[in-house]
Structure formats: C-alpha cells, structure tokens
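**Q** Have a look at this one.
Laboratory data are not the source of any read-out in this text; all were calculated from the coordinates shown. On a predicted model such as this, the values are computed, not experimentally measured, just so you know. Virtual Cβ from ideal backbone geometry, glycine too; neighbours counted across all protein chains shown.
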C-alpha cells in the first residue's frame, strides 16, 4: 500500500511539473506529446481514489497465470535463466502483496462479482502440480538454446525444479486456500461496478478513459441501440438474399448449429486462419502507403487459458523487433468457432488491424516511448473494428455468410455499448445481458458467456471499439465529401496512423487539418 501511495504522489508531481511548461512555446509535435502525457497522468490521479488496484486478478488474468510471462521473454543465455529463477524465488513476496490487496478489497467492497470469480479456483488448481515439470514456470527449461552447455542446463533445471517445489506451488496452494475460504464468499452476488464504493462515478470516469470522449453512459447506451438497429437491418437484407425461410432468430440458430459452418479439429481451424492472413497480405498495398517492417505469426492461445478467454487476441512484437507480432487464435472446442467469422477476426487482429497499426506505431522512432508503446483503447480497437470493414477492398467477404460474419462482428461491438452500460450503469443482470447479446448476434453461447463475463470484469473497456470505429468512419466520410475526386484512401490511412494511437479528439483535429491543407493545395494548383 505504501508503494501505491508513493506512486500516486509521483503522478501528482508529474502533473505539477507539466503545469510549469509554457505550452505556447512548444513545437506542434511537442504540444501533442505534452497533451497526451498530461492526459495519461491526469487519469491516473483521478482514478486513484477509487482504489481499483484492489482487484489485482480476474478470470482473464492475474497472478494465477504469472508463468505465462515467460512467453514474452527471451531465453538465450544463462543469465536469462538465472533471472527467471530469481523471479520464482521472489514469487512468495509477490503472492503476499497480491493477497494484501485482495484482503483490503474484500474489506472495503472493492471486489468483483462472484459469477466471474468462480472461474478462478480451477485456474489456480492447474498451477498446483505434482510434477514441477508440468508447471507453467518450467516452460523455459524444456528447450534450451545450443549456446548453453549440458552441465549448465542440468544445473539450471535442478534449480528451477527446486524453486517450483519450494516457492511456486506452496504460494499457489496458499492462494487457493485464501480464495476459496475468505475471498470468494465476499464477492458481490450481482454484476455491475455500481456495487463498489462510488461505483457510478467510477464507471463515468472509465467511460471517459476508454472512449477518450465526454460521452455519458446514457448517451453511449443510446448510440449502441441505434447501431444495433442499423446493423440488424443490413443482416436482414442478407437473410432475404439467401431466401432463408424463417425468422431472424431461426437464422441465428441455424448458424450456431449447422455443422457445415464449423471445423471438426483444432488443426483445421488454425490452418483456416493462416490461409486468410496469407490472402490478405499481398492486397494491403491497395490501401496503405506504409506497411510494417516487422512480420507477424498466427498461433494457438495457450491451452491453460483458452477455455476462459475470448476468441482471439494480438500480442505486439518486442520493443527491439527481435520477436514478431502474434495473432493468437482460440482453438478450444473448434465446433463452436464459426468459419464465417474467420475473415473479420483475422482482419481485426492481424492486418490491416492490430499488427499493422501497433507495429507501425512502434516503428515511429521520432516519437517518445510512451507513445510508441502505449496508446488509447478507443483508437487501437476502433482501428481494429474499422479494419474489418476493409475486407471487401482486400478480396474478402465474397460469400454472403462471410459478409454476415463481418456484420456479426460489427453487431458484437454495437451490442457491447448496450450491455456494458446496461450492467454497469443501468443495473442489468448478467442474464439480461446474455439474452440481449443472443437475440442480436450469431455468436455461440460459449462465446457470449465469456464475452459478458469479460465486460463484467473490465468495466468500460468494451465501449472503446465501436466508439472509436464510429469516429474513424465519420472522419473518412467527411474526407470523402470534402475532397471529392481528390480523396485518396491511402493518404487518409496515412494521416490516421502517422501519429500512433492518439485520443479521438486529437485524431479529429489531425484529419480536419489534413483536409484543409489538401484543399488549399488544390486551390494553389
């Protein structure tokens, strides 16, 4: 707690220092840096009184899968393994600190709903192994580089086994006992962040944080309902074109249950995602002037978290560029992962979605590190959703089911606006949110429940996708209208991406400035 308070005081000191800088004397680039840096620290200071740091783990991640950190590290020399063993030996201290935060959270009511936290004991149990070599922390010791001698490998392996037996497994056993007997009984019986102290105010703050706008929860809910209605109309057009006989609900049920829309094996599902990415890559030059230098790969989500996590996610390349970006696909139960969603999903997570945008930002070496490697969810995820809409320009969505899959993904993000604000602001039940989701999307029930539980654990984050995408689409329409025949989609994308991930108000200023400059250059010609 003392360290957290010191960090808060340091954040306040940063704001005080920023206030002494004469902004009017800065260059345009420096003003952007100042503005974004100030916003980052202002939010941290504003969020501190709500003590959200007292919920250090959810079903989506936390100390229960700390061993996964190894996947983001390089193990090339003995020192790398020494460092990892040192982490394991210090793990009891990390566990002690985590338990202290959780105890304070349980005492003060800053705690998650029981329905999502009931997923965690199974995750903890998987870390309490009989054989140390089955532990997540042991993974780096299963495959040594050739540069490490056999005798050193043996010594490192013995030390790792000892650390797991002496420090890791006992710590997880302690966590399991605390979680089941003290923590879980105190978790909230209902869903929604409104239950925590000052929860309504906290949710409004998180709406501003994740959308980078001043939109209220009520306004966002209304936007969501409007988007759901619009997208529903487009979906019904496709259903009519397919001459399907039945209701909208019947069509969704057919998509969820017809075996032709699903692969039987995980390997088939992974290969299908790879094939779509290979199809997209050579088409990108049609829409973009700049492409990332660093490549990306497609891999399966680790099996120990796959049952409890979302459909896919992206991991950026390492800061030094030695590790490629990775598009992780959930292969758990392929029989519930629809074929017709693969194209939209791949566009979002790989290119021209997250990999293209995030990696280009990392390659902007003139920017400070907090901008190259940071960002704003509304921009990053708004771009990812916008990227899904580029599929037809890239030779995808050629069959009506894939196009319906794209609309399903867009509807998914529109539904988020409704159910996130519904649960956290309007006090909907979990079942209300599930029912609304199921009524409007073809997502399978497994996906729907995992998604709803994600929104419960991460208040406000799910709002960013659609709000960000709507702003990018709005700016594209305005650019097309203002510039007419002079509009070049590649120039537009370059303007959107050239500053890395920024707030939506700053993005709008940049695009409007570009429109004015382009129109002025036309006049001068």
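**Q** Given a Förster distance of 60 angstrom, what is the FRET efficiency for residue 5 paired with residue 268, based on the Cβ-Cβ distance and rounded to 0.05?
**A** 0.70
**Q** Turning to a different aspect of this structure: Return the ratio Rg/(2.2 N^0.38 Å) for region 2-47, where Rg is computed over Cα atoms only.
**A** On the way: Rg = 11.9 Å, N = 46, 2.2 N^0.38 = 9.4 Å.
After normalising by residue count via 2.2 N^0.38 Å, the value is 1.26.
**Q** Which value in Å does the Kirkwood hydrodynamic radius of region 73-207 take, with 1/r averaged over all unlike C-alpha pairs and then inverted? Before the final figure, lay out each step's value.
**A** Numbers: mean 1/r = 0.0582 Å⁻¹.
Over region 73-207, the inverse of the mean reciprocal pair distance is 17.2 Å.
**Q** Can you give the log10 of the normalised intensity I(q)/I(0) at q = 0.11 Å⁻¹, computed with Debye over equal Cα scatterers of region 218-337?
**A** Debye output, listed in q order: -0.63.
**Q** Over region 380-419, consider all pairs of different Cα atoms and compute the Kirkwood hydrodynamic radius from their mean reciprocal separation; express it in Å, one decimal. List each step's numbers first, then the result.
**A** Details: mean 1/r = 0.0938 Å⁻¹.
Kirkwood radius, region 380-419: 10.7 Å.
**Q** Using a Förster radius of 22 Å, what is the FRET efficiency between residue 173 and residue 86 based on their Cβ-Cβ separation? Nearest 0.05, please.
**A** 0.55
**Q** Further question on the same structure: Using 10 Å bins from zero, what percent of all Cα-Cα pairs in region 32-80 falls into each bin?
**A** 19, 25, 29, 25, 2
**Q** Additional query: If you take volume of the Cα convex hull per residue in Å³ from the coordinates, which of (i) 153; (ii) 137; (iii) 169 do you get?
**A** Correct label, based on the coordinates given: (iii).
**Q** For residue 516 and residue 318 in the same chain, what is the full-extension length gain: residue separation times 0.36 nm, less their Cα-Cα distance, in nm? Display every interim value, and only then the final one.
**A** Working: separation 198, 0.36 × 198 = 71.28 nm, distance 3.72 nm.
Difference between extended and current length: 67.6 nm.
**Q** Shifting gears a bit: Subtract the Cα-Cα distance of residue 248 and residue 31 from 0.36 nm times their separation in residues, and report this length gain in nm to one decimal. Spell out each step's value before the answer.
**A** Values: separation 217, 0.36 × 217 = 78.12 nm, distance 5.07 nm.
Fully extending the segment from residue 248 to residue 31 adds 73.0 nm.
**Q** Once you have the alpha carbon radius of gyration of region 161-215, what is it after dividing by 2.2 N^0.38 Å, with N set to its residue count? Working shown, then result.
**A** Values: Rg = 18.5 Å, N = 55, 2.2 N^0.38 = 10.1 Å.
Its radius of gyration relative to the 2.2 N^0.38 Å reference: 1.84.
**Q** Let me ask something else. Report, please, the projected area of region 316-394 averaged over directions, based on the convex hull of its C-alpha atoms, in nm². Could the numbers behind the result be given before it?
**A** Values: hull surface 25.2 nm².
Approximately 6.3 nm², given one-decimal rounding.
**Q** To continue, here is another question. Rg and Dmax of region 468-524, Cα atoms, in Å?
**A** 10.9, 34
**Q** Which value in deg cm²/dmol, rounded to the nearest 500, describes the helix-derived mean residue ellipticity at 222 nm for the chain, given -39,500 (n - 2.57) per DSSP H run of n ≥ 4 and division by the residue count?
**A** Values: 21 runs with 298 residues, N = 525.
My calculation for the chain gives -18500 deg cm²/dmol from helical runs alone.
**Q** Fully extended, how many nm does the chain gain between residue 398 and residue 509 (0.36 nm per residue separation, minus their Cα-Cα distance)?
**A** On the way: separation 111, 0.36 × 111 = 39.96 nm, distance 3.56 nm.
Length gained between residue 398 and residue 509: 36.4 nm.
**Q** Using only the alpha carbon atoms of region 1-159, find the Kirkwood hydrodynamic radius as the inverse mean reciprocal pair distance, in angstroms to one decimal.
**A** Details: mean 1/r = 0.0514 Å⁻¹.
Computed over region 1-159, the radius equals 19.5 Å.
**Q** Counting alpha carbon pairs within less than 8 Å and at least 6 residues apart, what relative contact order, in whole percent, applies to region 246-356?
**A** Values: 139 pairs, mean separation 38.5, N = 111.
Worked out over region 246-356, it gives 35 percent.
**Q** Taking the convex hull of the alpha carbon atoms in region 373-489, what volume per residue do you get, in Å³?
**A** Values: hull volume 16.5 nm³, N = 117.
Output value, Cα hull per residue: 141 Å³.
**Q** Direction-averaged shadow area of the convex hull around the Cα atoms of region 188-269, nm²? Before the final figure, lay out each step's value.
**A** Values: hull surface 38.9 nm².
About 9.7 nm², averaged over all directions.
**Q** What's the Cα-based Rg to Rh of region 218-466, Rh via Kirkwood? List each step's numbers first, then the result.
**A** Details: Rg = 17.9 Å, Rh = 18.7 Å.
Reported Rg/Rh (Cα atoms, Kirkwood Rh): 0.96.
**Q** Within region 285-300, name every residue whose backbone N is under 15 Å away from a label modeled 7 Å from Cα of residue 488 along the Cβ vector.
**A** Only 285-291 fall inside the zone, counting backbone N under 15 Å.
**Q** Under 8 Å for C-alpha pairs, at least 6 residues apart: give me the relative contact order for the chain, rounded to a whole percent. It would help to have the intermediate numbers written out before the result.
**A** Values: 705 pairs, mean separation 87.0, N = 525.
After rounding, I find 17 percent.
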